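The structure appears below as structure tokens.
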Amino acid sequence: RYRNLYDNIEGISAQQLDNALHDMQAKAAAAEAAAHALDKAVNGSRPEDIAAGEAELQAAQEELSRQEYVRSQYELRAPADGVIRSRLLQPGDMAAPSAPVFKLSLLNRKWVRAYVPETDLGKLYEGQAAYIRIDSQEEMLSAQIGYISATAEFTPKNVQTEELRTALVYEVRIYVDDADNVLRLGMPATVKINL
């Protein structure tokens, strides 16, 4: 009608005709979109739309997993249960990856540090039975050697006179079966090993 009015009697302006044509095209596009939506509602989504939606879902789940991992890295966690012995960094200090922040004493397996002279080192082996006695208890605790140091302590490596060789000592860790939880951190103990 607007076209006839404009062409035949010039009853409307060109602007009004353009507005009417634009409105007609917009309504035709909306009708086509509504027809597609009706077709999708009646017949279901196309396989490619379903595949695209599943890919978007998987990408969102992977991003969520990545964000959860990043968030977990901001939380400081100990590798095992224990007691904090000292703080190595203060609040506000820069922490680096894999750099210690706290000094932790583990409680899951208690051990006593002892030093053995080099002359007795050949008589020891990991897994060997040992006994621990503390001053506050008469009963000895059963234990076993769990670690023998590969390097000597207290004597410089460049001093190798025959007299000083016997002064070399090696750290040995004796793991204790402490079912009654009588041992405490830093407690002195006497170690007995049958050689």
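The values are calculated or read from the model by the stated rules, or taken from the named source; none is laboratory data. The structure displayed is predicted, hence computed values, not measured ones. We place every Cβ from the backbone using ideal geometry, glycine too, and count neighbours over all the protein chains shown. Areas reflect the complete protein model, heavy atoms only, side chains present, ligands, DNA and RNA absent. Shrake-Rupley method; radii C 1.70, N 1.55, O 1.52, S 1.80 Å.
Give me the one-decimal nm value for the distance between modelled label points at Asn8 and Ser72, 7 Å along each residue's Cα-to-Cβ direction.
Taking the simple label geometry, Asn8 and Ser72 are separated by 7.7 nm.
Full-extension gain between Ser86 and Lys27, please, as 0.36 nm times their residue separation minus the C-alpha to C-alpha distance.
Length gained between Ser86 and Lys27: 13.9 nm.
How far apart, in nm, are the 7 Å Cα→Cβ label points at Ala60 and Leu107?
Once both label points are built, they end up 4.4 nm from each other.
Is the stretch 11-73 best put as rounded, prolate or oblate by its Cα gyration tensor, with a ≥ b ≥ c the root eigenvalues, rounded for a/c under 1.5, and otherwise prolate when a/b is larger than b/c, oblate when not?
Because a/c hits 1.5 or more and a/b fails to exceed b/c, the stretch 11-73 counts as oblate.
Using a Förster radius of 30 Å, what is the FRET efficiency between Thr119 and Gln144 based on their Cβ-Cβ separation? Nearest 0.05, please.
Step by step, r from the Cβ atoms, then E = 0.85.
Hey, got the dipole for the chain? About the Cα centre, +1 on K and R Cβ, -1 on D and E Cβ, debye to the nearest 20?
Working: 21 positive and 29 negative charges, 148 e Å.
Here the size comes out at about 720 debye.
For the chain, what is the mean residue ellipticity at 222 nm derived from helices alone (per DSSP H run of n ≥ 4: -39500 (n - 2.57); sum divided by total residues; nearest 500 deg cm²/dmol)?
The helix-only estimate for the chain comes to -11000 deg cm²/dmol at 222 nm.
Give the ranking of Tyr170, Tyr125, Tyr74 by solvent-accessible surface, highest area first, calculated with a 1.4 Å probe.
These residues rank, largest area first, as Tyr74, Tyr125, Tyr170.
Please work out the average accessible area per residue across the chain, using the 1.4 Å probe convention, and give it in Å².
Accessible area per residue, the chain: 79 Å².
To the nearest µm²/s, what D does Stokes-Einstein give for the stretch 9-158 at 37 °C and 0.692 mPa s, using the Kirkwood radius over alpha carbon pairs as Rh?
Rounded to a whole number, D works out at 129 µm²/s.
Arrange the residues Leu195, Leu183, Leu107 by how much accessible surface each exposes, largest first, with a 1.4 angstrom probe.
Highest to lowest solvent-accessible surface, that is Leu195, Leu107, Leu183.
Given Cα pairs under 8 Å that are at least 6 residues apart, what percent is the relative contact order of the chain?
17
Which of the three applies to the stretch 98-149, rounded, prolate or oblate, going by the alpha-carbon gyration tensor with a ≥ b ≥ c and a/c under 1.5 meaning rounded?
It is oblate, given that a/c is not under 1.5 and a/b is not larger than b/c.
Please work out how much accessible surface Met24 shows to a 1.4 Å probe, ignoring ligands, DNA and RNA, in Å² rounded to 10.
Using a 1.4 Å probe on the heavy atoms, I get roughly 110 Å².
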